[in-house]
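Some notes on the structure that comes next.
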Amino acid sequence: MEYLTGDKMKRKLIFSSGVLVLIFSMALISPVKASTTWGFETDKTYVFELKQLSIYGADYTLALKQNTTMKIVFTDVNDTGYSYNVTDFEGTVTPNSTVFVPVEVSEGVFFTMPQGLPIALPLSIDAIDYLEVFGQFINETNLNLMLGELMANITDFGNITYMDVYSIYNEDYLYGKFDLFAPELNETTLTNLMAGFDTGEMGISIPTNITEFKLNATIAYNATSGLFDYFKITIRSIGEQYEYVDDFNVDVRYGLYIPPPPYTPTPTPTETNFPWLVPIAAVSLISSGLVLRRKKK
C-alpha cells in the first residue's frame, strides 16, 4: 500500500513508459484493419438491474430497483465496435453505439480505447487477448487518462492520502479497481455526487462532516463474453451531523441479471411395490411350515 505525498502523487501520474511500449507494440493501434472477436450475442436481451443500495445500513434496493433497470440488445457488430438499443424502465428505446478507436495516450503512442458506453469489451484483436492487455493498460497508465474529470476535480474530495487504480484478470473476470482514502472529506462532495437523487423524499441524510473516508470501487467484465457484469462501490466512513456521530457506510452494486435455474421439484417418495416378492415370500412361508411340521413329528 502506498501513501501519497504531493511528490509521490505526481510520480504516480507518470507513465511507466517501458511497459507501455511493450503493450502498444502488440498491434492494438489499428482496429480498422484488425480482426476482432466478440463474446456477446446480437438480438438477445441483456437485463441490468440494481442489486444493492444501502446507506447507514438502511436498504433502498427495492425502492429504486424498478426505476434503474435497463435492457440492452446488441443490434449490430463489426471489427471496430457495436450498436445497441437501450430500453429504460418506462419502455423508451434509445439507440446507441460504441466504437474502439486508437487514442493517443502519450506523444506518438496510441491505444485502442472505447468511445461510448463500454457495455462489452473485445475478447481479442488480431488474436491478442484484449482483456489482458487492457488490464495491463489500467495498471500502468496515467490516472488522469483513466479517471478524467474525477482527477480534474480531485481536490473536491479533501485531503487524499491514498489513491490507486489497478486491475485483476483471471479466467472468470477482468476487474478494474479504484481505491481512495481521505482522513477528511469536503462536506459538499457527496452532495454533489448525489445531485439528481431526491434524498430528502427517501429519508437519506448526507452528513455535513465526514472523516476516515474509504472508497473502494470495482467494475467487472466477464472473461468469457467480454460483457459488463457489474460494478460495486463500497464506502466506509464516519459521519457527523447535528452533533450526532455514526458510521456512514454506503454499499452499491449494479449489474447483469442472471435468471435463476429452472425449478425442479423434489420427487415425492412413493410406496414401491415388488410383485416378484410375493411368490418368494409364499414359498418361504410354506417351506418354513413344512420344516416345523417335520420337527414336531
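The values are calculated or read from the model by the stated rules, or taken from the named source; none is laboratory data. Here the structure is a predicted model, which is why all the values come from computation and not from measurement. Every residue, glycine as well, gets a Cβ built from its backbone with ideal geometry; the counts of neighbours run over all protein chains shown. What goes into the accessible areas is simple: the full protein's heavy atoms, side chains included, and nothing from ligands, DNA or RNA. Shrake-Rupley method; radii C 1.70, N 1.55, O 1.52, S 1.80 Å.
Distance between the modelled labels on Ser97 and Thr188, one decimal in nanometres: 4.0 nm (7 Å Cα→Cβ projection). Of Met70, Met163, the order by accessible heavy-atom surface (1.4 Å probe, DNA, RNA and ligands excluded), from most exposed downward, is Met70, Met163. Distances between placed amide hydrogens fall under 5 Å for Val101 paired with Met113, Gln115, all partners being 5 or more residues away or on another chain.
A simple spin-label model places pseudo-atoms 7 Å from Cα toward Cβ; at Asp126 and Asp247 they are separated by 5.2 nm.
Would segment 200-245 count as rounded, prolate or oblate if I go by the C-alpha gyration tensor, calling it rounded below 1.5 in a/c and otherwise prolate when a/b exceeds b/c, oblate otherwise? Don't jump to the answer; show the numbers that get you there.
Values: a/c = 7.06, a/b = 2.44, b/c = 2.89.
In terms of gyration-tensor shape, oblate.
Listed values for segment 238-255 are Karplus-derived 3J(HN,Hα) couplings in whole Hz (6.51 cos²θ - 1.76 cosθ + 1.60, θ = phi - 60°), namely 10, x, 10, 8, 6, 6, 10, 10, 8, 5, 9, 10, 10, 10, 10, 9, 9, x, and x replaces Gly and Pro. The H on the amide N of Lys51, modeled in the peptide plane, is under 5 Å from the matching H of Arg253, Tyr254, Gly255, each at least 5 residues off or on a different chain. Given a 1.4 Å probe and the protein chains as shown, Phe157 ends up with an accessible area of around 20 Å².
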